[in-house]
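Report on the structure given below.
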């Protein structure tokens, strides 16, 4: 194992949680520990490309009950970069279709010697339910519109990597705030680390009640844009909406799409993030998505570093709890 990985082992001693279910209840110190550990893993693995034997005796199961490309692949690669074995579960064609309960399915997978279950489910609270019923560690990979902790962490890690600190930055989350688990995780993490958060979009997707979480609410992107250091552009989640929240996609793009013309009003060092997938021409134009302000693909790489860190930390905490 590399010198960097050995240093990570020492840092992990202060992490006490064997699950990662949400960012809402994490302290600034805990968030910083994850981010610092991710930075060390990124260095130790040559930019997340090389393998180390940090978790060679562990098995990680991906239980995804919703479609996923980036998150599922990222967790699988992160586990294998650390030397862990992986199990991929798909609800289609599983015993769930024969009447087996969700908990029984998870317990049967755990009984095969699994150390960590990574779960995505459309129902909020599902990871918490698994954590109450399983002895292994549970990581939330997205539970309905509730939270997506590792996406929030990789977004924050990507900002910190470019700016050094979150303290004092103004970060706007633009788009479908109402249905976005990514927005919720970002809000908790960014606020804990000292950023000022703005949520911006149509009033049908951005309620004034978000102010209760200590964030600024705006319905005018052009008004807040010059103040922002970072824009995190969220996808319009038509699949989660019961009715169209605005008259047309064209109107939404006119008011909220990040375009070259809008970027002319922004700070010269503005960062553009997006959790993906991107609807080009709706949330942002191709010129912006592929332009010099965009760090979208860096987010994908950093997702591996963050997920390696989380896997390492929860496995270490679980092992110390058992000993």
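The values are calculated or read from the model by the stated rules, or taken from the named source; none is laboratory data. In this text, all values refer to a predicted model and were calculated from it rather than measured experimentally. Note: ideal-geometry Cβ built from the backbone for every residue, glycine included; neighbour counts use all protein chains shown.
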Are any of the residues in region 234-249 in a strand (DSSP E or B) and in contact with a strand residue (DSSP E or B) (Cβ under 7 Å, 6 or more places away or on another chain)?
no
When every residue in region 48-64 that is out of contact with any helix residue (DSSP H, G or I) (no Cβ under 7 Å at 6 or more places or on another chain) and either surrounded by fewer than 16 Cβ atoms within 10 Å (Cβ to Cβ) or in contact (Cβ under 8 Å) with a residue 60 or more places away in the chain (or both) is compared, the one nearest to residue 105 (Cα to Cα) is 57
Those strands (runs of 3 or more DSSP E) completely within region 81-182 that have 2 or more residues that are outside the structural domain of residue 58 (by TED's automatic domain parsing) are 170-174
Filtering region 1-44 for residues that are surrounded by 15 or more Cβ atoms within 10 Å (Cβ to Cβ), at pLDDT below 95 and part of a loop (DSSP other than H, G, I, E, B) leaves a count of 2
Counting only residues in region 277-323 that are closer than 24 Å to residue 60 by Cα and modelled with pLDDT under 95, the one surrounded by the most Cβ atoms within 10 Å (Cβ to Cβ) is identified as 316
Scanning region 140-165 for residues that are surrounded by fewer than 24 Cβ atoms within 10 Å (Cβ to Cβ), in contact with a strand residue (DSSP E or B) (Cβ under 9 Å, 6 or more places away or on another chain) and at positive phi gives 144
I'd like to check something: does region 166-177 contain any residue that is within 30 Å of residue 317 (Cα to Cα) and buried (at least 24 other Cβ atoms within 10 Å of the Cβ)? yes
Of 171, 199, 206, the only residue that is under 16 Å from residue 275 (Cα atoms) and without any contact (Cβ under 8 Å) to a residue 40 or more places away in the chain is 199
The residue from 276, 303 that alone is within 22 Å of the chain's Cα centre (by Cα), touching a residue at least 60 places away in the same chain (Cβ under 8 Å) and not in a helix (DSSP H, G or I) is 276
Listed by first then second residue, the pairs whose first member lies in region 18-37 and is at negative phi, whose partner is modelled with pLDDT under 95 and assigned to a helix (DSSP H, G or I), with beta carbons under 6 Å and at least 6 positions apart or on separate chains, are 18/317; 18/318; 18/321; 37/8; 37/11
Scanning region 166-180 residue by residue, those at pLDDT below 95 and at negative phi turn out to be 176, 177, 178, 179, 180
| query | What do you reckon, is residue 297 under 18 Å from the mean Cα position of the chain (by Cα) and free of Cβ contacts under 8 Å to residues at least 24 places away in the same chain? | reply | yes
Among 47, 76, the single one that is outside any loop (DSSP other than H, G, I, E, B), under 28 Å from residue 278 (Cβ atoms) and modelled with pLDDT of 95 or more is 76
